[in-house]
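Structure first, then comments.
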Amino acid sequence: MAQGYAEQWVNPERAGQLECLICHCVARDAVATQCCGQFLCLGCWEQCQGRSTTCPHCRQAPASADPANRDRREIQNLEIRCPNGCGATIALLAKERHMESGCTHRRVRCTDCGDDVVQKDLKNHRELHCAVLFEPCQVCGEKVRVGSMQAHMEARMTAEFQGTVATLAQEVSEQKAHVAQLTQELQGLKREFATSGSKDAAELKQELRDLKRDFRTSGSKDAAELKQELQLLKQGQAKLQAHLDSITGNYSASTVDTSRGDSFRPRYVRTATNCDLFPRVHLF
Ligand SMILES: [Zn+2]
Ligand SMILES: [Zn+2]
Ligand SMILES: [Zn+2]
Ligand SMILES: [Zn+2]
Ligand SMILES: [Zn+2]
């Protein structure tokens, strides 16, 4: 472990000339050997002498060393940069004081909350972030600045109310959109219904026309058939009449049996209404 000073030297070249032979840091409590004037930390020198009385540089034995007082003063006045990175340049001898009280990057304890805070941030911490400035909100658990709890809770409730209103507004607009969609669908259905209704009506009309036409066609066909049948019947009637007339003529001329004493004879009577259609035979 290094006994000497390991710092960020402002003048590293000069610092290098004051290094300890053993630890290669700038000599702490520097001593110089009597034999060869070599430069060492007092601690490094004593460690060497504990193992051997020989000079660690020129091997003379027994070796001895004296405090290098002039160099000690120079070393104590060498400038270093603050190891905390505060940017300060200070003499080595002022380092401890700087680190304890002057350095703006040193960590200090907030006496209010006990937290370690970088010194330059302490004021800010005390004013804005220190735990004693806050208390937990009993509603939301958030840390709220002491004295502003009421405002916080009011703001929180307002926000919640506005959130609820916004949610409701959102729901209403969704419902509106839904209703609009349903209305549109309903209109579509109505339109479809109207179209299909009139289509059905048109179809029915057409069917009716077809039926009428069929009826006329078949009716007139039937009428023609009937007419033809009627003609045939008329012809048949004429033949029958002729036949009957011939029979009647023969009978009246030759076959009346007067011996029976009754007037049994067939009579052929024509009724006035049906005379053109059918012969009616009446037996008396
Ligand atoms: Zn040393
Ligand atoms: Zn020596
Ligand atoms: Zn500093
Ligand atoms: Zn604090
Ligand atoms: Zn709250």
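Please treat every number below as a calculation from the coordinates, not as lab data. Since the model is a prediction, treat every value here as computed from it, not as a measurement. FYI the Cβ positions are ideal-geometry reconstructions off the backbone, even for glycines, and counts take in every protein chain you see.
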*asked:* How high is the relative contact order of segment 106-146? Use alpha-carbon pairs under 8 Å, at least six apart in sequence, and give a whole percent.
replied: 26
_All lysines inside 29 Å of Lys123 as judged from Cα atoms, apart from same-chain residues fewer than 8 positions distant_ = Lys95, Lys143
*asked:* Can you tell me, using C-alpha contacts under 8 Å and at least 6 residues apart, the relative contact order of segment 12-105 as a whole percent?
replied: 21
*Could you give the length gained on full extension between Thr167 and Thr195, defined as 0.36 nm per residue of separation minus the Cα-Cα distance, in nm?*
5.9 nm
*Which percent of the Cα-Cα distances in segment 12-105 go past 23 Å?*
35
*For the pair Phe134 and Ala88, what calculated FRET efficiency results from E = 1/(1 + (r/R0)^6), where r is the Cβ-Cβ distance and R0 = 30 Å, to the nearest 0.05?*
0.35
*State the extension gain, in nm to one decimal, for the chain segment bounded by Asp210 and Lys123, taking 0.36 nm per residue of separation less the distance between their alpha-carbons.*
21.0 nm
*Within straight cross-link reach of Lys212, meaning Cα distance under 17 Å, which aspartates and glutamates are found once same-chain residues fewer than 8 apart are removed?*
Glu203, Asp222
*How large is ³J(HN,Hα) for each residue in segment 144-157, as worked out from phi by the Karplus curve 6.51 cos²θ - 1.76 cosθ + 1.60 (θ = phi - 60°), to whole Hz, x for Gly and Pro?*
10, 4, 4, x, 10, 4, 5, 4, 4, 5, 5, 4, 5, 5
_Dimensions in Å of segment 106-146 - Rg and Dmax from alpha carbons_ = 11.5, 38
*Extension gain from Glu13 to Gln150, taking 0.36 nm per residue of separation minus the Cα-Cα distance*: 42.9 nm
*Hey, can you grab everything whose amide H is under 5 Å from the amide H of Val108? Only 5+ residues off in sequence or another chain; H modelled, so Pro and N-termini drop out.*
Val117, Val118, Gln119
*For Leu42, what charge total do you get from the other residues with a beta carbon under 13 Å from its beta carbon, if Lys and Arg give +1 and Asp and Glu give -1?*
-2
_Reach of Lys239 by Cα under 23 Å, taken over lysines that are not fewer than 8 positions away in the same chain_ = Lys227
*Among Cys110, Val144, Phe134, whose Cα lies farthest out toward the positive end of the dipole of segment 106-146, if unit charges sit on the beta carbon of Lys, Arg (+1) and Asp, Glu (-1)?*
Cys110
